[in-house]
Amino acid sequence: MSHRLACVALTGTLCASALSCTGARPESHFQIAREVAVKTLSAQVTAVPPEKLATTHHPGCPVPPERLRLVRMNHWGFDGTVHRGELVVHEDVVAPVLRAFGKAFDARFPIRRMRVMAEYGGSDTAAMADDNTSAFNCRQVTGDPGRLSRHSWGDAIDINPVENPYVDVGGTSHPPNGNAHLDRGSARPGMVTPDGVVTRAFREIGWYWGGRWSPPDYQHFSEQGG
């Protein structure tokens, strides 16, 4: 499928007009611009080129490619400098996601890396081990086969998986190199905490944090509870 990559550039000032983006409602662009105009995310929203989806989207996925958006934005790294990252999310959640990440950016919350799941061949295991923050990926729940992950709808995000591991129904931690962060007694850089800036930011947009589940999924945020 070919996509028309017309985009809305969301830099530090409000654009005088917004360009059209395939499959998106124009009014959503103005809403996004208003939400993040004063932020320094320098966010850019476009349709998703096929190579940015690749194997992460396949027949039978609950959301068609034209309902997804590629979001490019700035984020702070663990090295104390600003990096450019990419997420694929559902078009309906672009504005609230940018609002939440804008607050994380303002607080200098560090994110290790932010790459689309196509760069990992859709492997959640590889992406978690690489401490990659990601969103859309049409797949089964890791450690719970037979159940479709909320990421398949594009309204779920995993943040710093190594610092915020996921414990599956069998008690196994994902990724294995995140075991040292299962002890949540003291906050360390990149950790998501119950009342930290990231949790508060996503709570304000109405998203759920998986860290409160049993077993916990400390990296996970989603628009719906599952």
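The values are calculated or read from the model by the stated rules, or taken from the named source; none is laboratory data. Keep in mind the model is a prediction, meaning the values are calculated, not measured. Positions of Cβ are backbone-derived with ideal geometry, glycine not excepted, and every protein chain shown enters the neighbour counts. Accessible surface areas use protein heavy atoms only, side chains included; no ligands, DNA or RNA. Shrake-Rupley method; radii C 1.70, N 1.55, O 1.52, S 1.80 Å.
Structure data summary
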{"read-out": "Matching residues, the range 207-225, being open to solvent by 40 Å² or more (accessible area, probe 1.4 Å) and touching a helix residue (DSSP H, G or I) at 6+ places or on another chain (Cβ under 7 Å)", "value": "223, 224"}
{"read-out": "Close pairs (8 angstrom Cβ cut-off, 6 or more residues apart or separate chains): under 13 Å from residue 157 (Cβ atoms) and buried (at least 21 other Cβ atoms within 10 Å of the Cβ) in the range 96-110, among the acidic types (Asp, Glu) and at pLDDT 95 or above anywhere", "value": "100/204"}
{"read-out": "Residue satisfying all of: in the range 57-85; among the charged types (D, E, K, R) and surrounded by fewer than 18 Cβ atoms within 10 Å (Cβ to Cβ); nearest to the chain's Cα centre (by Cα) among these", "value": "84"}
{"read-out": "Lone qualifier among 175, 161 - being open to solvent by less than 10 Å² (accessible area, probe 1.4 Å), at pLDDT 95 or above and farther than 24 Å from residue 96 by Cα", "value": "175"}
{"read-out": "Residue check, residue 188 in contact with a Phe, Trp or Tyr (Cβ under 9 Å, 6 or more places away or on another chain), without any contact (Cβ under 8 Å) to a residue 40 or more places away in the chain and either within 26 Å of residue 47 (Cα to Cα) or open to solvent by 30 Å² or more (accessible area, probe 1.4 Å) (or both)", "value": "no"}
